[in-house]
1. So what's the chain giving for Cα Rg divided by 2.2 N^0.38 Å, two decimals?
2. Let me check against my output: what whole-number percent is the relative contact order of the chain, with C-alpha pairs under 8 Å and at least 6 apart?
């Protein structure tokens with residue numbers, strides 16, 4: 001299951017790949033920058049295998065449940081509590 005095309009691309013662009021990989025630990029979807037073909041630059045044309053793309057996809061899905069969903073729940077909870085106090089305050093005066 002070796003991807004010789006990716007290995008060749010990585011040898012040419014190892015600094016960028018390391019930089020993007022480091023920052024993608026916070027957001028897995030950032031890995032798609034490497035295969036985005038941005039402005040038709042060779043550096044943004046990483047030939048990911050289908051298996052690697054599947055891993056990125058499932059990483060993004062997992063990220064939604066680990067990071068994004070709890071943030072949404074906290075925001076909804078805070079808004080509900082804030083609005084409850086706001087309306088209770090209005091009723092008391």
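Only the coordinates and a few stated rules stand behind these numbers; no lab work does. Note that the coordinates shown come from a computational prediction; the quantities given were computed from them, not determined experimentally.
1. 1.73
2. 22 percent
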